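The next block holds one structure in the form of structure tokens; read it before the comments.
The values are calculated or read from the model by the stated rules, or taken from the named source; none is laboratory data. For clarity, every value in this text was computed on a predicted model and none was experimentally measured. Methodologically, a virtual Cβ is constructed for each residue, glycine included, from the backbone with ideal geometry; neighbour enumeration extends over all protein chains shown.
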Amino acid sequence: MSLNDRFGYRAQMPFLVRFASSTQDRDAAYALRRDVFELEQHIPRPLDRDAFDFSADHVVAFDRGGRCVGTGRVVRTDHRTCHIGRMAVAREARRSGVGAAMLESLERMARLRGIREVVVASQLGSEPFFHARGYRRDGDVFEDQGVPHVHMRKLLLVS
Ligand SMILES: CC(C)(COP(=O)(O)OP(=O)(O)OC[C@H]1O[C@@H](n2cnc3c(N)ncnc32)[C@H](O)[C@@H]1OP(=O)(O)O)[C@@H](O)C(=O)NCCC(=O)NCCS
């Protein structure tokens, strides 16, 4: 596979999305979460780590310079359902397709585990991002850490 095939190209920002397979990958992901949720969004309870991280499948996105510019995780909730969350893209790397490529990878991982439905707790501001990828609102707006959120669901097609 060539470099061009492996890297996504859009808005002239090449990146590579892959499974977070090492401690270094995960540490880079947690550091990015800290940058985005704690420093940028000032979410009071840090979202850098929790107990679900041990059982989750994680993805990371790296730019050509080897900098981690994206992360997300999928947590299985029962035999047919999972929760995709902790999605974060570095501010300067947004709107370049990184988030969409990571979401696609996380859904693929869920499918491989036999999952049929994905739930996300989306920040209200990110609802259009998930909506454009097939997620639909389920329930009323609620506050989490002072940030308005909405639950959204998507059925995965059986391939
Ligand atoms: C939400 C987030 C992960 C999206 O990542 P991204 O890399 O910017 O998204 P992409 O570039 O892949 O965008 C994909 C599409 O969604 C759209 N989109 C992305 N973020 C959007 C937003 N906040 N509002 C409206 N549309 C948005 C893009 O325009 C793009 O549409 P297109 O494919 O038709 O051009 C990113 O904005 C982020 O990290 N935000 C801060 C943390 C956060 O809110 N995380 C979500 C917690 S629920």
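Which residue out of GLY66, GLY125 is exposed (fewer than 15 other Cβ atoms within 10 Å of the Cβ), among the small types (Gly, Ala, Ser) and away from the ligand (no atom under 12 Å from the Cβ)?
Numbers: GLY125 fails: away from the ligand (no atom under 12 Å from the Cβ).
Being exposed (fewer than 15 other Cβ atoms within 10 Å of the Cβ), among the small types (Gly, Ala, Ser) and away from the ligand (no atom under 12 Å from the Cβ) holds for just one of GLY66, GLY125, which is GLY66.
Which condition does ARG95 not pass, out of (1) within 9 Å of the ligand (Cβ to nearest atom); (2) out of contact with any helix residue (DSSP H, G or I) (no Cβ under 9 Å at 6 or more places or on another chain); (3) part of a strand (DSSP E or B); (4) not aliphatic (A, V, I, L, M), if it passes all the others?
(3)
Within the set of pairs 6+ apart or on separate chains, which have a first residue in region 103-131 that is on the phi > 0 side of the Ramachandran plot, a second that is surrounded by fewer than 20 Cβ atoms within 10 Å (Cβ to Cβ) and at pLDDT 95 or above, and C-beta atoms under 6 Å apart?
Cβ pairs passing all conditions: none.
Is region 142-150 home to any residue that is away from the ligand (no atom under 12 Å from the Cβ), modelled with pLDDT under 95 and either touching a helix residue (DSSP H, G or I) at 6+ places or on another chain (Cβ under 6 Å) or assigned to a loop (DSSP other than H, G, I, E, B) (or both)?
Yes, that holds for at least one residue.
Name the residue, out of ALA132, ALA121, ALA31, that is modelled with pLDDT of 95 or more, over 13 Å from the mean Cα position of the chain (by Cα) and over 18 Å from VAL17 (Cα atoms). So that I can check it myself, show each step before the final result.
On the way: ALA121 fails: over 13 Å from the mean Cα position of the chain (by Cα); ALA31 fails: over 18 Å from VAL17 (Cα atoms).
After applying the criteria, what remains is ALA132.
Suppose the filter is assigned to a strand (DSSP E or B) and over 21 Å from ASP48 (Cβ atoms); does VAL74 pass it?
On the way: assigned to a strand (DSSP E or B): yes; over 21 Å from ASP48 (Cβ atoms): no.
Here the answer is no, as VAL74 does not meet what is asked.
Give the residues of region 101-126 that are touching a Lys or Arg at 6+ places or on another chain (Cβ under 7 Å) and under 27 Å from PHE62 (Cβ atoms), sorted by residue number.
Listed by number, the residues that qualify are LEU103, ARG113, ILE115, VAL118.
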